[in-house]
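Reviewing the structure listed below.
Bear in mind that the values in this text are calculations on the coordinates, not laboratory data. As the structure is a computational prediction, the values presented were derived from the model and not from experiment. Neighbour counts are summed over all protein chains in view; Cβ atoms, including those assigned to glycine, are modelled from backbone coordinates with ideal geometry.
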Amino acid sequence: MGWIKKILFYFFSPEDRKPTKRSEKKKKSKIEKWQEYAEKLVIESGIDLDNVLVHSHGGWGLCGPKAYQFENYHVTYKSEELGNLKFPLPLPDKPYIAVPEITGWWEFRAWVHEIGHYTHKHYDDRDKPRFMKEYEAEKFCLEKCKESGVVGDYDMIDIKFSAVGYLDSHIDKAIEKGNIKCYADIPEEVIEFLHQCEYMKNELKRKFLAIEEKYFESQKKFDRYYR
Ligand SMILES: [Zn+2]
């Protein structure tokens, strides 16, 4: 097929469009690099490979002391060096990370995020608020992704937005639960982290205006009933 035909074929038959061998190869090598880096980070962070559970049930990860909930999961650890390793399920009190098989940047960031929870020993900490744990894990994730040398600029933008968005969802939960009552309850470093994405500056203001409104509403009710 000549090059003009190729272009027409590309634009007019989107359902037949196939990735070229070159782009497949490029994608594969990127994922291989991510897998390699994630495994290296696990080891560097002092995490025993026995404590890493790799699943293929969607793009989620977990870090915790309890693993009995995974009884029905097929638990294998895929490693370039070691091949496919099946692990016996860890004891319920053994700290672990459960991470998805890496097929794209989303799963890669899940690995780095969960490694962040693990290295901060969040599985042992019942006092730290959840949003602070998520902040520390996301901060770890962004720092490691930046210094890894295996994440390109475009993937870095996706990872940054997802880090800020995810932390924001935990800020919302903390507001709902009453763990955050006003803007001052969020540490400055967390606000700075959220402000990496410009849109969060207005987003945070909007949230706290809403809290203020609710506060004044409840004050008014209080005044009506008790004064
Ligand atoms: Zn997390």
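Structural remarks
- Projecting label points 7 angstrom from Cα along Cα→Cβ for W60 and D125 puts them 2.3 nm apart.
- Charge tally around F208: other residues with Cβ under 11 Å, Lys/Arg +1 each, Asp/Glu -1 each, net +1.
- Placing unit charges on each Cβ (+1 for Lys and Arg, -1 for Asp and Glu) gives the stretch 127-227 a dipole about its Cα centre, and among Y166, F216, L204 the Cα reaching farthest toward its positive end belongs to F216.
- On the basis of the beta-carbon distance and an R0 of 25 Å, E32 and K146 show a calculated FRET efficiency of 0.80.
- Subset of K40/K207; K133/K207; K94/K207; K121/K146; K33/K207; K33/K205 violating a 32 Å alpha-carbon distance limit: K40/K207; K94/K207; K33/K207; K33/K205
- Sequence of F131, F216, F208 once ranked by neighbouring C-beta atoms within 10 Å, starting from the fewest: F216, F208, F131
- Neighbour-count order for M132, M156, fewest beta carbons within 10 angstrom listed first: M156, M132
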